[in-house]
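> Dumping the structure here so I can ask a few things about it.
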Amino acid sequence: MRIHSATAVLAAVAAAGGLLAGCGTTSTSPADAPPAASSATGVGQQHNQADTTFLQGMIPHHAQAIAMAQMAPIKAASPQVKTLADRIQTEQGPQIAQMSGLLRSWGAAVPATNQGMAGMHAQMPGMMSDQQMRQMMASAGAGFDRMFLQMMITHHQGAVTMSHTELAQGSNPAARHLAQQIITGQQAEISQMQTLLQQT
């Protein structure tokens with residue numbers, strides 16, 4: 001996605017990059033860490049190309065969701081939308097850190113979270129175009145709430161699709177565990193957003 005083509009949207013994505021950089025340097029607790037993600041050998045290293053593709057795609061996918069969510073505190077009118085946006089940032093930031101850690105442990109490239117997303121909307125389901133991001137940035141109040149919910153539902157549906165592909169084709173237990181977490185969490189949020197959209 002070419003977020004950097006619009007100065008205002010670039011600022012939002014850059015802010016997401018700053019947040020996620022912090023997440024990457026903070027270790028998760030044993031309860032939050034994916035199974036064997038830190039293992040140098042054995043189960044933590046068992047992976048195939050589907051695992052790598054999933055993680056490398058989901059990192060910029062999550063980064064865009066966070067960039068969208070970071071608009072809500074200023075632009076949203078609904079307290080429920082603001083709360084949802086905060087939860088999206090809280091959940092997806094640590095997941096990016098987990099995915100980055102797995103890729104590094106495999107010696108695979110870790111995508112940047114604040115650059116290099118040009119064209120990603122054409123490669124991954126649910127990604128917003130730069131025009132859609134500009135439209136969201138230009139909206140406010142109830143109009144923003146509707147646009148945010150509509151776009152985030154589509155975005156979450158794309159993440160669920162990618163995660164189902166990982167469960168069908170991936171082999172790494174940690175990556176598959178993360179995929180299942182994404183399916184469970186984002187399907188629940190989709191239901192919540194659909195309800196909010198009817199009320200907006």
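> Which members of region 174-200 meet the condition of being among the β-branched types (V, I, T), open to solvent by less than 60 Å² (accessible area, probe 1.4 Å) and more than 18 Å from T52 (Cβ to Cβ)?
The answer is I183, I190.
> In addition: I'd like to verify a number: residues in region 57-81 that are assigned to a helix (DSSP H, G or I) and buried (at least 18 other Cβ atoms within 10 Å of the Cβ), how many?
Adding up the residues that qualify gives 16.
> Does region 115-125 contain at least one residue that is at pLDDT below 95, open to solvent by 70 Å² or more (accessible area, probe 1.4 Å) and not in a helix (DSSP H, G or I)?
Yes: one or more hits.
> Sticking with this one: Of the residues S163, S139, S171, which is closer than 25 Å to N48 by Cβ, surrounded by fewer than 20 Cβ atoms within 10 Å (Cβ to Cβ) and modelled with pLDDT of 95 or more?
Answer to the selection: S171.
The values are calculated or read from the model by the stated rules, or taken from the named source; none is laboratory data. A quick note: this is a predicted structure, and the numbers were derived from the prediction, not measured. Every residue, glycine among them, receives a Cβ derived from its backbone with ideal geometry; neighbour counts consider all protein chains shown. Ligands, DNA and RNA are excluded from the accessible area calculation, which covers all protein heavy atoms including side chains. Shrake-Rupley method; radii C 1.70, N 1.55, O 1.52, S 1.80 Å.
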